[in-house]
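Single-structure report; data block below.
Values quoted throughout were computed directly from the atomic coordinates according to the rules given, and no laboratory measurement underlies them. Worth saying up front: this structure is predicted, and the values here are computed from it rather than measured. Note that we place each Cβ from the backbone using ideal geometry, even for glycine, and neighbour counts take in every protein chain shown.
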Amino acid sequence: MNVLRRLQDYYWEKKTYMFVSILFLAIATALGLVYPKLLQILIDDVITPRNFELVPQLALAVVGVVTLKAIMQFLHGFFGARLGNFLAYRLRNACYEKLQFLSFRYYDTARTGDLMSRLTGDLEAIRLFIGFGFAQILNLFLMVGFGAAMMLSINWQLTLWTLITIPPLVFVAIRFESRIHPAFQEMRLALGSLTTAVQENVTGVRTVKAFAREPHEVGKFSLRNDRYKDNQLHASGLWSRYFPVMELLASGCAVLLLGVGGTMVIRGTLTIGELVAFFSLIWYIIGPMWGLGFHINNYTQSEASGERVLGILDRPIDVRDKENALALDPETVRGQVTFEKVGFAYGNKLHAVHDINLDAPPGKVIGLLGGTGAGKSTIIQLLMRAYDVTEGSIKFDGVDIRDLRVEDLRGQIATVFQETFLFSSTIKGNIGYGMNDVPMEDIVRAAKLAKAHDFIMEMKEGYDTVVGERGMGLSGGQKQRIAIARALLKNPKILILDDATSAVDMETEHEIQAGFQEVMKGRTTFIIAHRISSLRHADEILVLNEGHIVQRGRHEQLIAEPGPYQEVYNIQYADHIARTAEDEEGRGSL
Ligand code: ADP
């Protein structure tokens, strides 16, 4: 019952529901024992001595017991459901909240499908177990205990004969559980891979079609579907064998009882009424054994589900506020960023960046250039404290960012990522993401600066147009412009443009950058770019290679000295010249 203990914080507040629900179930079970007794009385005291005046009282007693038992069962269900739902509600909220605050390091390895199943299937298993399963297991013991006690009070020899049949029943139940449990796990895995195939297929439908790989996808799905079907057949085969075997054993028990009990009746050591009562009472023993496999299975599954949900809740947060973290006053923030001998490695990998030194005075523009994997994004991630540095320190207005409140620091930074994520909401909602009561003029102003206003106005619903979860219906450049508007609206002290204009054409890039000149005033800006044209006006350009700064300076300075910057410049410049020449040739031949 480890899972019950570890989840205690989330349901203990409603512990009364738990106790009351168990109590009502126990009363219902105890009331069930009255039937065999009434049967015994009916046969021994009414039918045999032909004492029929007792019939109305007995009938009344049966009605009374049935009604009371039904009420008790209803109350058990009512409080069990309340407890389970309360717990599931608290756990859902707690998990979601935790997921918001878990660091990037967690998401580097987390899988969406896995997280979704923890928040749905696993939570449901916990809800059912805490709400009902736990009480049912306790009730199992109560039934056997009550039943055996009642049997003993009637005839101890016959009770012992009945109890002989328990070991084979328990054996079959436990053996069944040990086989159905892995079968269920297999089935769940197979279902997981089936749903992953569907999810990936829908997400990557463009790639599938572009490569004409539909038959491959159909084949892949059908293999997984076959596996799922085989698993299902195996599990249902186990179920279909279990019940007949249990029934056979239960019937064996009844036959034994009839033989031994019948002999006792003939010898006069047992009344017929007592034998009939025994017959109803054996279900108090056989019934729980029947359900034993199911309950053990339910328990182990809930324990596994509990572990998986607690795996989220107990996960430590890597990047978090220190105890006396400093708050930033938006009025006095300047936006100076300093990197001092910064080094960082992801997990146990080699260093992603090494010995990075940089000083970005307020309002200055820093450009970052380098090939894929050079460490540009890592520098930006460290600045926004997605990860904490492993060596050196980063300072914001002279204070180590690890001493600042994470929320305050990130509140001063707006990033436009290369990959734009749009939420399934309106364009207005996407630009003003997470901000309450933003005046429409501010949204429009940001959109105009990001050169997004015109295409938004061309849409039928304008700013109220709903965009899909992946921003369907908008071009890459349009999505990026919405993301730029979102960043500008935040009015940050630090602006990070992570290859932000890669999806727009040169002309638009110029336009957006002209807009940026205006909004960059008074903000420290970091630009990651592949095109040298985006970095021309930077106050300092850092050229990175394999995590090291290999060159630094202004554009004019860097093109004049031999090195990687000049090489990139020459390639891009040569490209430009070649294209201009081709254009002219093309025009000449027309
Ligand atoms: P760039 O932005 O210049 O393309 P990155 O900063 O993304 O380069 O990557 C620098 C190095 O760190 C690369 O070797 C890359 O493989 C590694 N890296 C980047 N992100 C992660 C991550 N989340 N987990 C592990 N390694 C990473």
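Couple of notes before you dig in:
- Note: segment 337-561, Cα convex hull, 126 Å³ per residue.
- Lysines with Cα under 18 Å of residue 349, excluding same-chain neighbours fewer than 8 positions away: 376
- Extending 7 Å from Cα along the Cβ direction at residue 561 and again at residue 455 yields two label points whose distance is 3.9 nm.
- Using a cutoff of 8 angstrom between alpha carbon atoms and counting only pairs six or more residues apart, the relative contact order for the chain works out to 14 percent.
- Per DSSP, loop trypsin sites (Lys or Arg not before Pro) in segment 425-497 with at most 12 further Cβ within 10 Å: 460
- Remark: 130, 413, 174 ranked as 174, 413, 130, counting other beta-carbon atoms within 10 Å and listing the fewest first.
- Solution diffusion estimate, µm²/s, Stokes-Einstein, segment 287-359, Kirkwood Rh from C-alpha pairs, 37 °C, viscosity 0.692 mPa s: 179
- Those lysines that a straight Cα-Cα span of less than 27 Å connects to residue 69, excepting residues fewer than 8 apart in one chain: 14, 15, 37
- Three-way shape call for segment 65-196 based on the alpha-carbon gyration tensor, with the a/c threshold at 1.5: oblate
- Its relative contact order, with pairs defined as Cα atoms under 8 Å and 6+ residues apart, puts segment 2-313 at 33 percent.
- Segment 2-313 - convex hull of the alpha-carbon atoms, volume per residue in Å³: 159
- Computed over segment 337-561: relative contact order in percent, which uses C-alpha pairs under 8 Å that are six or more apart: 29
- Cα gyration tensor shape of segment 309-351, rounded if a/c is under 1.5, else prolate or oblate by comparing a/b with b/c: oblate
- A quarter of the convex hull surface defined by the alpha-carbon atoms of segment 210-319 gives 13.9 nm² as the mean projection.
- Helices that extend 15 Å or more along their long axis by alpha-carbon positions and average at least 0.5 on the Kyte-Doolittle scale are, among the DSSP H runs of the chain, 15-32, 55-101, 134-154, 272-313.
- Fully extending the segment from residue 313 to residue 421 would add 36.2 nm, taking 0.36 nm per residue of separation and subtracting the current Cα-Cα distance.
- The slack in the chain from residue 107 to residue 178, taken as 0.36 nm per residue of separation less the alpha-carbon distance, amounts to 22.1 nm.
- Farthest positive-ward along the chain dipole, Cα basis, beta-carbon charges - from 62, 238, 77: 62
- Distant alpha-carbon pairs in segment 253-374 (separation over 24 angstrom), percent: 70
- Segment 107-147 shape via C-alpha gyration tensor axes, a/c threshold 1.5: prolate
- Ascending count of other beta-carbon atoms within 10 Å, so fewest first, for 166, 379: 166, 379
- Solvent-free Debye calculation, one equal scatterer per alpha-carbon of segment 1-112: log10 I(q)/I(0) at 0.23 Å⁻¹ equals -1.16.
- Remark: the residue 92-residue 243 segment gains 50.7 nm on full extension, using 0.36 nm per residue and subtracting the alpha carbon distance.
- Shape analysis of segment 125-186 yields a ratio of the Cα radius of gyration to the Kirkwood radius, Rg/Rh, of 1.12.
- With the simple model of a label 7 Å out from the Cα in the direction of the Cβ, residue 45 to residue 345 spans 8.4 nm.
- What the Cβ-Cβ distance of residue 359 and residue 390 gives, at R0 = 22 Å and to the nearest 0.05, is a FRET efficiency of 0.60.
- Footprinting exposure proxy ranking of 83, 497, fewest other C-beta atoms within 10 angstrom first, gives 83, 497.
- Reachable lysines, given that their alpha-carbon falls under 17 Å from the alpha-carbon of residue 451 and they are not under 8 places away in the same chain: 428, 479, 490
- Computed magnitude of the charge dipole of the chain (debye, nearest 20; Cβ of K, R +1, Cβ of D, E -1): 1920
- Shape annotation for the chain: C-alpha extents along the principal axes are 119, 59, 51 Å, from largest to smallest.
- Summarising the strand pairing of the chain, around 50 percent of its internal DSSP beta bridges are antiparallel.
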